[in-house]
Amino acid sequence: QVQLVESGGGLVQPGGSLRLSCAASRSIFSFNVMGWYRQAPGKERELVARITSSGSTYYSDSVKGRFTISRDIAENTVDLQMNSLKSEDTAVYYCHAYAGIDCWGQGTQVTVSS
């Protein structure tokens with residue numbers, strides 16, 4: 001069974017930065033795609049960014065130019081660097097991986113507030 005463990009959430013002021021990390025229990029090459037989703041209170045879970053096994057990336061329009069997804073193959077981690085954070089980025093962020101089935105982390109809270 002695959003385990004995904006997120007870290008790096010917290011409270012940050014508008015305009016600040018945070019870096020989320022997702023550690024996988026096996027080689028990230030075994031996943032077709034890995035990514036980050038988020039869910040704000042009262043809203044549906046939405047895709048934020050993803051990276052394929054070939055290294056191709058995708059970003060939602062709401063974070064393009066501010067967030068960067070990256071991976072460390074040796075450490076089996078996928079990170080999300082979040083810059084210029086806005087209050088509307090406040091949500092629980094979930095790591096996701098797909099390898100025939102969907103795998104989810106437990107989520108980490110990101111709160112952007114002054």
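The values are calculated or read from the model by the stated rules, or taken from the named source; none is laboratory data. Only a predicted model underlies this, so the values are computations on that prediction, with no experimental measurement involved. Glycine also receives a Cβ, built like all others from the backbone with ideal geometry; neighbour counts cover every protein chain displayed. We work out accessible area using only protein heavy atoms, side chains counted, and drop any ligands, DNA or RNA first. Shrake-Rupley method; radii C 1.70, N 1.55, O 1.52, S 1.80 Å.
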- Over segment 2-114, what percent of the accessible surface lies on carbon and sulfur atoms, probe 1.4 Å? 47 percent
- With all protein chains in place and a 1.4 Å probe, Arg26 shows an accessible area in Å² (nearest 10) of 90 Å²
- Query: By accessible area of protein heavy atoms, probe 1.4 Å, what ranking do Lys43, Lys86 get, highest first?
  - Reply: Lys43, Lys86
- Considering only protein heavy atoms, what is the solvent-accessible area of Thr57 at a probe of 1.4 Å, reported in Å² to the nearest 10? 70 Å²
- Query: Per the chain: cysteines with no other Cys C-beta under 4.7 angstrom?
  - Reply: Cys103
- Ratio Rg/Rh [Cα only; Rh per Kirkwood] for the chain: 0.95
- Across segment 51-63, in residue order, what do the Karplus-derived ³J(HN,Hα) couplings come to in whole Hz, using 6.51 cos²θ - 1.76 cosθ + 1.60 with θ = phi - 60° and x for Gly and Pro? 9, 8, 5, 8, x, 6, 10, 9, 10, 5, 4, 5, 10
- Item | In nm, spacing of pseudo-spin labels at Tyr98 and Gln81 (7 Å Cα→C-beta vector) | 2.6 nm
- Note on the structure: To the nearest Å², the heavy-atom accessible area per residue of the chain with 1.4 Å probe amounts to 52 Å²
